[in-house]
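Trainee: One structure coming up, written as structure tokens, with questions to follow.
The values are calculated or read from the model by the stated rules, or taken from the named source; none is laboratory data. It should be emphasised that the depicted structure is a prediction, and the values quoted were computed from it without experimental measurement. Note: ideal-geometry Cβ built from the backbone for every residue, glycine included; neighbour counts use all protein chains shown. SASA here: full protein model, heavy atoms, side chains in, ligands and nucleic acids out. Shrake-Rupley method; radii C 1.70, N 1.55, O 1.52, S 1.80 Å.
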Amino acid sequence: LIDIFEESKHALDDLYEKNEFKRIHLAYSKIPGTAIQKKLKEKFNLDLIVSKDFTIAAEYENFIWLKRSIRKADQGIFIYQREYTDTNMLRPQYITDFRNEITELYLPGSLPKSYMVIESRLPLQNRVLNINGNYAIESRGLWRVENDFMGGPFVNIALLDEKNQNVVFLDGYIYHPSENKRDYLKQLEAVFRSAKFIKTQQ
């Protein structure tokens, strides 16, 4: 029995995760953030299951920042895109560098010259995913605020929109000092796993 579980552990993990995401999708579908979903469709050609608890914290031409506060925890999602020019854009180092560029520009801290960056002292975990038929690279690790004392976990999905030749980056982070962050991060992962590109009419 132990041998069978050992052989099947990855499949069991995948099955558990898939059903957990389904549960979160169902819950969010009952309280949809209709205005935000419409905005994402117009801005990124993206269909995403987002609950109405999220609000728009900032918005620019190719960038949007969504926030949600739950008890003492903060969940953040920022979505940005860039034209797909070559396969290097889907390499972990490019994703890391581009994320740091975006967060320095658009996610300022509360102190002067403070902004979010990836914690470079710890290695990122990267893997290839298929999200609803679209090629994706998942990167996860820790973030911190330069020149301040804040940090937490993040997960980034670089999602290839092959039809429109764009890469859309879905990035979620948690700020919940000294508390367990697993469930909150899982909720953001579920949002990202719902991502679908809208089929445009010819």
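Trainee: Has region 125-138 got at least one residue that is touching a residue at least 60 places away in the same chain (Cβ under 8 Å) and closer than 19 Å to residue 60 by Cβ?
Mentor: Scanning region 125-138 turns up no residue that is touching a residue at least 60 places away in the same chain (Cβ under 8 Å) and closer than 19 Å to residue 60 by Cβ.
Trainee: Here are some conditions: (1) under 19 Å from residue 188 (Cβ atoms); (2) open to solvent by less than 30 Å² (accessible area, probe 1.4 Å). Residue 124 meets all but one. Which one does it not meet?
Mentor: Status for residue 124: all satisfied but (2).
Trainee: Among what's in region 153-164 and is modelled with pLDDT of 95 or more and open to solvent by 10 Å² or more (accessible area, probe 1.4 Å), pick the residue that is nearest to residue 87 (Cα to Cα).
Mentor: Top of the filtered list is 160.
Trainee: Output the number of the condition that residue 84 fails; it satisfies all remaining conditions of (1) within 28 Å of residue 151 (Cβ to Cβ); (2) aromatic (Phe, Trp, Tyr); (3) modelled with pLDDT of 95 or more; (4) touching a strand residue (DSSP E or B) at 6+ places or on another chain (Cβ under 6 Å).
Mentor: All conditions are met except number (1).
Trainee: What's the number of the only condition in (1) of a type outside the set (D, E, K, R); (2) assigned to a loop (DSSP other than H, G, I, E, B); (3) exposed (fewer than 13 other Cβ atoms within 10 Å of the Cβ) that residue 19 fails to meet?
Mentor: The one condition residue 19 does not meet is (2).
Trainee: I've got another one for you. Going through 82, 99 one at a time, which residue ends up being open to solvent by 30 Å² or more (accessible area, probe 1.4 Å) and touching a residue at least 60 places away in the same chain (Cβ under 8 Å)?
Mentor: Selected residue: 82, the only one of 82, 99 that is open to solvent by 30 Å² or more (accessible area, probe 1.4 Å) and touching a residue at least 60 places away in the same chain (Cβ under 8 Å).
Trainee: Sticking with this one: Can you name the number of the only condition in (1) open to solvent by less than 60 Å² (accessible area, probe 1.4 Å); (2) touching a Phe, Trp or Tyr at 6+ places or on another chain (Cβ under 8 Å); (3) in a helix (DSSP H, G or I) that residue 76 fails?
Mentor: (3)
Trainee: Kindly evaluate residue 30 against the criterion of being within 25 Å of residue 64 (Cα to Cα), open to solvent by 70 Å² or more (accessible area, probe 1.4 Å) and either touching a residue at least 60 places away in the same chain (Cβ under 8 Å) or not aliphatic (A, V, I, L, M) (or both).
Mentor: Criteria met by residue 30.
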